[in-house]
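The values are calculated or read from the model by the stated rules, or taken from the named source; none is laboratory data. Worth saying up front: this structure is predicted, and the values here are computed from it rather than measured. Neighbour counts are summed over all protein chains in view; Cβ atoms, including those assigned to glycine, are modelled from backbone coordinates with ideal geometry. The area values use the complete protein model at the heavy-atom level, side chains included, leaving out ligands, DNA and RNA. Shrake-Rupley method; radii C 1.70, N 1.55, O 1.52, S 1.80 Å.
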Amino acid sequence: MILDADSCYRALTTHDARFDGRFFVGVSSTRIYCRPVCTVRTPRRENCHFFPSAAAAEVEGYRPCLRCRPELAPGNASVDATARLAQTAVDLIEGGALEEGSLEDLAARIGVTSRHLRRVFLAEFGVAPVEFAQTQRLLLAKHLLTDTALPVTEIALASGFQSLRRFNALFKARYRMAPSRLRRDAAPDALPDALKFELAYRPPYAFDAMLGFLRDRAIDNVERVTAQAYWRTLAIEHRGATHAGWIEVGRAARKPALTIAVSASLAHVVPFVLSRTKQAFDLSCDPAEIASRLGALADDPPGLRVPGAFDGFELAVRAIVGQQISVRAARTLLGRIVRVLGTPLAAAPGGTPAMLFPRAANVAACAPEQIQRLGMTSSRARTIIALATAVVGGDVDLGPGGNVEATIARLTAIPGIGTWTAHYIAMRALRWPDAFLANDRIVLKAMKETRPARALAQSAAWRPWRAYAVMHLWRGVS
């Protein structure tokens, strides 16, 4: 992001939430850096230095504000291609890519060289990827220290540090305080049933529309949607172990943020839970940037987001099952798949039934007849098993940040997966903002078109935010 100091200072003086996460301000008189929405007294202009990321501010010796808490700022989505590449790397870093692999592995997953990734990252965020990852670990640890009762040792490990000693040393060196200073109260002897967090977004956010979309497609025993919140089960594999539990997502009452309740059973993988929630609820979205391209289409409702996915394989199975049938019929079939192949969750709140969506390995081990008996055609059963086999074998990467073109090509090479299904998966699982479903019946109806080629040509005016156009077109017809 190119920072214009005068524009940044104007945004700071008005506490404009549209710029939250787009830049940070370091105050030379206090050596503290803040979000532009911080409510402290506005510093003098000559004392303000503006940075494109929290990491860039910390590298210059600033420590995070304890009031506005920079770790709660939304992500930095952008229309620019190089910025999108950098943001993709951020999403993967938040998902633990540098914990489980090297920078070269991360660059290869995105489809660039590590040298190019360093160059793009430096231009966008002012620091190298490794320095950015280190700041993210510290900010996450600060978040956990402030908002949870996790022991400090577990916080260090959950934040990606290999040892408590390294964590304490870096925390004191960077923030000039001991980690224990951030404890509001003495930690209780046992963890609560749920850990509570907040994740900020840039307003407006059509949260009711998001809940409506998820409610229509909720899978029995895996998801529940009320008028105010979304609840689901979740399993995350990390360092050879599977951590299973549940999360609940609602809207904060007095600030542009979502509230996240995470079951204690997921305490050791909180970074990955929060990263997936950001992606599933599209919290890095900049509604103003998108509305400037979509025009009047973005007005109803303002702030409409593209729902992502907590698990790419689950989303792909949803897409395949939903081919050429109603949303309600697809829900019924998916519920049967979960009941037969899913795993019961022991720690469901309220005594209600809860299941984990089947893992790809479990589905890949099935015979087509097993899937077919659940109410699907033999060809669709074979497609689901072929997809699961490709995911288990590493031939298809359904996580955010994967190579979109290569993934679409591999998906469409699987018999039974066509263009619509592959692009739908790219839109939601791969978080591709320019996905466009040109042959979708509802999209064509909303555009008053009968030929997909003409709809595709018209959609060029909405690039690179055509996935958001699809959401508005769907809503306009429904």
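Odds and ends about this structure:
- Kirkwood estimate for the range 104-150, i.e. one over the average of 1/r between Cα atoms, Å: 12.0
- Accessible solvent surface per residue of the range 156-296, calculated while the other protein chains remain in place, 1.4 angstrom probe, Å²: 44
- Given +1 at the Cβ of Lys and Arg, -1 at the Cβ of Asp and Glu and no other charges, the dipole of the range 340-478 around its Cα centre is 480 debye to the nearest 20.
- Rounded to the nearest 10 degrees, the angle from helix 327-341 to the longest Cα principal axis of the chain is 80 degrees.
- A cysteine counts as unpartnered when no other cysteine's C-beta lies under 4.7 Å of its own; in the chain this applies to C8, C48, C285, C366.
- Ranked by the mean number of other Cβ atoms within 10 Å of their residues, highest first, the peptides 332-342, 361-371 fall in the order 332-342, 361-371.
- Positive-end residue of A330, A309, C48, charge dipole of the chain with Cβ unit charges: C48
- Distance from the C-alpha centroid of the range 278-355 to that of the range 110-183: 30 Å, rounded to the whole angstrom.
- Estimated dipole of the chain in Debye, rounded to 20 [Cβ of Lys and Arg +1, of Asp and Glu -1, Cα centre]: 540
- Surface listing: E314, E99, E46 arranged by accessible area from highest to lowest gives E46, E99, E314, probe 1.4 Å.
- Sites listed here are trypsin sites (Lys or Arg not before Pro) in the range 18-76 whose DSSP assignment is loop and whose Cβ has at most 13 other Cβ atoms within 10 Å: R31, R41, R44, R67.
- Within the range 240-297, all pairs of alpha-carbon atoms sorted by distance into 10 Å bins from zero give the percentages 19, 40, 26, 12, 4.
- Helical content of the chain, expressed as a calculated mean residue ellipticity at 222 nm, amounts to -13000 deg cm²/dmol (DSSP H runs of 4 or more residues, -39,500 (n - 2.57) each, divided by residue number, nearest 500).
- When the charge dipole of the chain is built from unit charges on Cβ atoms (+1 for Lys and Arg, -1 for Asp and Glu) and taken about the Cα centre, the candidate among P179, F167, F357 whose Cα reaches farthest toward its positive end is P179.
- Restricting attention to the chain, lysine pairs at least eight places apart or on different chains and with alpha-carbon atoms under 18 angstrom apart total 5.
- Each Lys and Arg adds +1 at its Cβ and each Asp and Glu adds -1 at its Cβ; summed about the Cα centre, the range 435-478 shows a dipole of about 60 debye.
- Share of carbon and sulfur in the accessible heavy-atom surface of the chain [1.4 Å probe, %]: 52
- Calculated log₁₀ intensity ratio I(q)/I(0) where the Debye formula runs over C-alpha points of the chain, q = 0.11 Å⁻¹: -0.93
- With the convex hull drawn around the C-alpha atoms of the range 167-283, the volume per residue stands at 155 Å³.
- Using alpha-carbon coordinates, inclination of helix 164-175 to the longest axis of the chain, degrees: 60
- Among beta bridges that DSSP assigns inside the range 1-135, antiparallel share in %, nearest 5: 70
- Look at the dipole of the chain built from charges on Cβ: of W432, G26, T419, the Cα furthest out on the positive end belongs to G26.
- Counting only alpha carbon atoms, the long axis of helix 129-147 and the longest principal axis of the chain meet at about 80°.
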